[in-house]
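Below: one structure, written as structure tokens.
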Amino acid sequence: NAGVTQTPKFQVLKTGQSMTLQCAQDMNHEYMSWYRQDPGMGLRLIHYSVGAGITDQGEVPNGYNVSRSTTEDFPLRLLSAAPSQTSVYFCASSLTGNYGYTFGSGTRLTVV
Amino acid sequence: TQLLEQSPQFLSIQEGENLTVYCNSSSVFSSLQWYRQEPGEGPVLLVTVVTGGEVKKLKRLTFQFGDARKDSSLHITAAQPGDTGLYLCAGNKIIFGKGTRLHILP
């Protein structure tokens with residue numbers, strides 16, 4: 001089983017560039033989430049989805065867009081990258097949300 | 001805003017010692033999860049607790065959910081170097097604490 005697959009693993013962007021972080025899961029999970037992890041800040045929720053066509057904002061949504069056209073995929077778009085978006089990004093999925101998430105291995109993003 | 005406070009932030013102990021880390025909130029949670037994260041990897045789910053007062057054991061790890069479902073603890077018996085990592089608690093589907101960074105010295 002692939003579980004949750006994130007691509008790319010590493011990315012360097014210039015300020016102002018846009019890009020999409022990909023996330024796919026093959027477990028037929030309804031819940032999917034994007035987090036960023038910064039030193040000393042723990043995991044902060046960016047956006048989440050409770051099913052195809054349904055998304056909502058988390059704690060730190062500014063500068064990011066998401067869509068959920070299929071159950072399997074939940075891409076995260078950076079519209080105009082800023083140095084403050086340098087972070088490690090994790091995608092996670094869960095069948096119901098109540099019994100825990102399966103995480104991808106992360107994307108380490110540097111914005112210069 | 002629901003918050004999960006984890007303590008201590010950092011803990012460094014000798015192999016073989018026992019330890020307890022805590023996850024506290026002023027809010028009631030319908031369920032609470034514990035994860036362990038190693039460097040360069042995503043968090044891995046250890047356990048989910050859903051009933052107030054519930055105790056679950058995973059080898060040398062004992063997890064307890066408070067009676068009021070506002071807090072939880074993780075107790076490790078006879079810590080091993082392989083227990084080193086960042087321990088995160090999470091509640092109500094999407095809220096995470098900042099974690100306890102545990103280092104076990106051989």
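Give a residue-ordered list of calculated ³J(HN,Hα) values for segment A:92-107 (Karplus: 6.51 cos²θ - 1.76 cosθ + 1.60, θ = phi - 60°; whole Hz; x for Gly, Pro).
Couplings: 9, 9, 8, 5, 10, x, 7, 10, x, 10, 9, 9, x, 8, x, 10 Hz.
Calculate the length of the line joining the C-alpha centroid of segment B:50-67 to that of segment A:1-49, in whole Å.
30
If eta is 0.692 mPa s and T is 37 °C, what Stokes-Einstein diffusion coefficient results for the protein assembly as shown, Kirkwood Rh from Cα pairs, in µm²/s?
Values: Rh = 17.8 Å.
Here the translational diffusion coefficient equals 184 µm²/s.
Find the Rg to Rh ratio for segment B:8-82, where Rh is the Kirkwood radius over alpha-carbon pairs and Rg uses the same atoms.
Values: Rg = 12.9 Å, Rh = 13.2 Å.
Answer for segment B:8-82: 0.97.
Pairwise over distinct Cα atoms, reciprocal of the mean inverse distance: report the Kirkwood radius of segment B:31-74 in Å, one decimal place. List each step's numbers first, then the result.
On the way: mean 1/r = 0.0915 Å⁻¹.
Taking the inverse mean of 1/r over all distinct Cα pairs, segment B:31-74 comes out at 10.9 Å.
Contour minus end-to-end for A:Val88 and A:Met27, with contour as 0.36 nm per residue of separation and end-to-end as the Cα-Cα distance? Don't jump to the answer; show the numbers that get you there.
On the way: separation 61, 0.36 × 61 = 21.96 nm, distance 2.33 nm.
Full extension from A:Val88 to A:Met27 adds 19.6 nm.
Tabulate in residue order the Karplus-calculated ³J(HN,Hα) for segment B:87-92, using 6.51 cos²θ - 1.76 cosθ + 1.60 with θ = phi - 60°, rounded to whole Hz; enter x for Gly and Pro.
Residue by residue, segment B:87-92 yields 9, 10, 10, 9, x, 6 Hz.
Treat segment A:28-94 as a sphere of radius equal to its Kirkwood radius over Cα pairs and apply Stokes-Einstein at 25 °C in a medium of 0.890 mPa s; give the translational diffusion coefficient in µm²/s, rounded to a whole number.
Numbers: Rh = 12.1 Å.
For the chosen part, D equals 202 µm²/s.
Quote to one decimal, in nm, the extra length available between A:Asp56 and A:Thr5 on full extension: 0.36 nm per residue of separation minus the C-alpha distance between them.
Details: separation 51, 0.36 × 51 = 18.36 nm, distance 2.13 nm.
Using 0.36 nm per residue and subtracting the Cα-Cα distance, I get 16.2 nm.
With N residues in chain A, what two-decimal value do you get for its Cα radius of gyration over 2.2 N^0.38 Å?
Working: Rg = 13.1 Å, N = 112, 2.2 N^0.38 = 13.2 Å.
That ratio works out to 0.99.
We did not get these values from a lab; they are worked out from the coordinates using the rules stated. Here the structure is a predicted model, which means the values were calculated and not measured.
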